[in-house]
Amino acid sequence: MTTDMRHAVVEVLKDSEAVAMEMARLLIRTVKEKQQGRVRIALSGGSTPKQLFAILAQPDMARQVDWSRVEIFYGDERHVPEGHADSNHASARELLLSRVSIPAAQVHPMPTAATVAEDAASYQTVLEQAYGATKLEAGRPLFDIVMLGLGTDGHTASLFPGEPVLEEKKAWVGVAAPRTAPHERLTLTYLAIASSALVVFLVTGENKVPMLARLRQGDGSIPSGRIVSEGKILILADEAAAGELS
């Protein structure tokens, strides 16, 4: 059964640090509870994920995770050179991945060395190899967890308003060139995000109040409002973003 945004669970926490801590606990619990196979996680960029990475890198937290069973992917990436300050992977590597014992072969940054279309096709192949098939199957999610943010314009991952990738029905990875944000982008499509056991939105800051309200209503006129999951959807929001909800 597919879950849409109108049926998402909302948890309101004190501040962005509390949101990051709850996400850390959720990741730790997911790795512990999954009995077989690797735990495939799609990370997001943004300030709250940076707090999350710093928390997970702390020795007392890091030792609670069997990193040999974790496989890291990304929900989107700016098409910038490796190590660029705007790179989601560079941030995750600096704050977390270089500080824990995760095997290098289990970290899958989105490539950015070729054209954006070629790199999207390459990442599609990476996902297919991890999944073990070229078609997604109901009941066998591609990801255990997909982390997402929420832009003030309603975008999530790099699914921006007006971008052709919003209508992609076959590919798992698409491209975007938003007029309102720098750099071309690679992004998971709705199809790939839907193949998840759990989607978690991390939403912080009072500037997100109007868009969070629309997200919770499943407003299909904003890209984030169209997110679905074959598993569950959870929104972790701080009091500032929740507004009257808190």
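For the stretch 109-242, a simple Cβ point-charge model (Lys and Arg +1, Asp and Glu -1, everything else neutral) yields a dipole of about 260 debye relative to the Cα centre.
Pull out a ≥ b ≥ c, the square roots of the eigenvalues of the alpha-carbon gyration tensor of the stretch 116-157, then state rounded if a/c is under 1.5, prolate if not and a/b is larger than b/c, and oblate in the remaining case.
Judged from the Cα gyration tensor, the stretch 116-157 comes out oblate (a/c at least 1.5, b/c at or above a/b).
Cross-linked pairs 34/208; 50/135; 32/135; 208/232; 32/232: Cα-Cα separations exceed 25 Å for 34/208; 50/135; 32/135.
Between residue 33 and residue 84, residue separation times 0.36 nm minus the direct Cα-Cα distance comes to 14.8 nm.
At q = 0.12 Å⁻¹, what log₁₀ I(q)/I(0) does the stretch 58-182 have when each alpha carbon counts as one equal point scatterer in the Debye sum? Computed log10 I(q)/I(0) values: -0.52. The alpha-carbon atoms of the stretch 1-68 define a convex hull whose volume equals 125 cubic angstrom per residue.
Here the dipole of the stretch 86-145 is about 180 debye; that uses its Cα centre as origin and unit charges on the Cβ of Lys and Arg (positive) and Asp and Glu (negative). Taking a quarter of the surface of the Cα convex hull of the chain gives a mean projected area of 12.0 nm². Each 10 Å bin from zero up to the one holding the largest Cα-Cα distance in the stretch 122-231 carries the following percent of pairs: 15, 46, 32, 7, 0.
List the trypsin sites (Lys or Arg not before Pro) within the stretch 1-63 that fall in a DSSP loop (any state other than H, G, I, E or B) and whose Cβ has at most 11 other Cβ atoms within 10 Å.
63
Counted over the chain, the DSSP beta bridges are approximately 30% antiparallel. For the chain, adding -39500 (n - 2.57) for each run of n ≥ 4 DSSP H residues and dividing by the number of residues yields -8500 deg cm²/dmol at 222 nm.
Centroid-to-centroid, using Cα positions, the stretch 1-57 and the stretch 148-174 are 20 Å apart. Dipole magnitude for the chain: about 560 debye, using +1 per Lys or Arg Cβ and -1 per Asp or Glu Cβ, origin at the Cα centre.
Which loop GluC sites (Glu not before Pro) in the stretch 75-152, with loop taken from DSSP, have no more than 15 other Cβ atoms within 10 angstrom of their Cβ? The qualifying sites are 82. Using the charge dipole of the chain (Lys, Arg: +1 at Cβ; Asp, Glu: -1 at Cβ; taken about the Cα centre), state which of 110, 10, 138 has its Cα farthest towards the positive end. So the residue furthest toward the plus end is 138.
Coordinate-derived values only; no laboratory data. Keep in mind the model is a prediction, meaning the values are calculated, not measured. Cβ atoms come from the backbone with ideal geometry, glycine included; neighbour counts cover every protein chain shown.
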